[in-house]
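**Student:** What follows is a structure written as structure tokens; I'll ask about it next.
The values are calculated or read from the model by the stated rules, or taken from the named source; none is laboratory data. Here the structure is a predicted model, which is why all the values come from computation and not from measurement. Using ideal geometry, Cβ is built from the backbone for each residue, glycine included, and neighbour counts are taken over all protein chains shown.
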Amino acid sequence: MATLEEYIRYAAAQRGIDPDIAVRVAKSEGGLNDPVRQSLVKKNGRQEPSYGPFQLLVGGGDTGFPAGLGNDFMQATGKDPRNPSHAQAAIDFALDTAARDGWGRWYGAKAAGLDKFAGIGGRPAGNQGPAPSLYAGMADGPKGQEMYPRSSPGPVPGAMIASAPASSASPPTPIPAAAQALAGGSGNKMADIFGMMALAPQQQPQFSPVQIMGPSGEQANALSSLVAALKGRMA
């Protein structure tokens, strides 16, 4: 015949309960030596009528204690937790209750440091709580993006090298000094030089953490034309 512990382990595994957890609860309740062991707790001079490894309470009537799992067990099965031959049925009933409702009916589970559903349905023995966030304490997001407003996107990985956008806009309108230089009518070579320089396409400064972009082909041609014109004016 199986010992109480062996049967508890078997019955727990059949219900998806960690056998080690079920045994811990039983050890914190009625123990594993006496199939009908009565609780030693006394209230108003009366000994608590709880029996077996999982201490099924048979209360009500003149016991001085409320009805409990022992009463439910007797009503559901017609068996008595005070009868040693019904010990295995009482264990089955206790573990059926635990698999459905957790260990909340057993004070011994809490005393053993177990939460309500410890070891039930694959749950861990203790209450682990939610997993800590890798970004706990950061202002707005992952490291490197804290200072970006929530309404604007952060930096895109792999997009650190800037490229000059293709320009579809028409060239800027020449300013008066440039127009004079183009016509050659100012009579002032220095004014003409600065006016011609104003004709060169405007290049916005480009910054990149990886490389510096040079002028576009259109800008290079314009600069070459400007240099050639300057040489002719200064000759």
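**Student:** Mind checking which residues of the stretch 49-72 are not in a loop (DSSP other than H, G, I, E, B) and not hydrophobic (A, V, I, L, M, F, W, C)? Write out each step before concluding.
**Tutor:** So the first thing to find is which residues in the stretch 49-72 are not in a loop (DSSP other than H, G, I, E, B), and the list is 50-51, 56-57, 69-72.
Matches in the stretch 49-72: SER50, TYR51, GLY70, ASN71, ASP72.
**Student:** Taking ILE21 and the conditions (1) within 18 Å of SER85 (Cα to Cα); (2) modelled with pLDDT of 95 or more, which numbered condition does it fall short on, given that it satisfies the others?
**Tutor:** (1)
A quick yes/no check of all residues on (1) more than 23 Å from GLY119 (Cα to Cα); (2) without any contact (Cβ under 8 Å) to a residue 12 or more places away in the chain; (3) among the aromatic types (Phe, Trp, Tyr); (4) crowded, with 19+ Cβ neighbours inside 10 Å:
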residue	(1), (2), (3), (4)
GLU5	no, no, no, no
PRO19	no, yes, no, no
LYS27	no, no, no, no
PRO66	yes, yes, no, no
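**Student:** Could you list, in sequence order, the residues of the stretch 78-119 that are at pLDDT 95 or above, assigned to a helix (DSSP H, G or I), within 18 Å of ASP20 (Cβ to Cβ) and of a type outside the set (Val, Ile, Thr)?
**Tutor:** If the condition is that a residue be at pLDDT 95 or above, assigned to a helix (DSSP H, G or I), within 18 Å of ASP20 (Cβ to Cβ) and of a type outside the set (Val, Ile, Thr), then ALA94, LEU95, ALA98, ALA99 are the ones that fit.
**Student:** Filtering the stretch 31-47 down to residues that are of a type in the set (Gly, Ala, Ser) and surrounded by 10 or more Cβ atoms within 10 Å (Cβ to Cβ), which residue is nearest to the chain's Cα centre (by Cα)?
**Tutor:** GLY31
**Student:** Taking only the stretch 19-35 into account, find how many residues are closer than 18 Å to TYR107 by Cα and not in a helix (DSSP H, G or I). Steps first, answer last, please.
**Tutor:** Residues of the stretch 19-35 closer than 18 Å to TYR107 by Cα: 20-32.
Applying the additional criterion that residues be not in a helix (DSSP H, G or I) yields 29-32.
Count: 4.
Here's the yes/no breakdown for (1) in contact (Cβ under 8 Å) with a residue 40 or more places away in the chain; (2) under 26 Å from GLY121 (Cβ atoms); (3) crowded, with 18+ Cβ neighbours inside 10 Å; (4) small (Gly, Ala, Ser):
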| residue | (1), (2), (3), (4) |
| --- | --- |
| PHE54 | yes, yes, yes, no |
| VAL58 | no, no, yes, no |
| GLY78 | no, no, no, yes |
| TRP103 | yes, yes, yes, no |
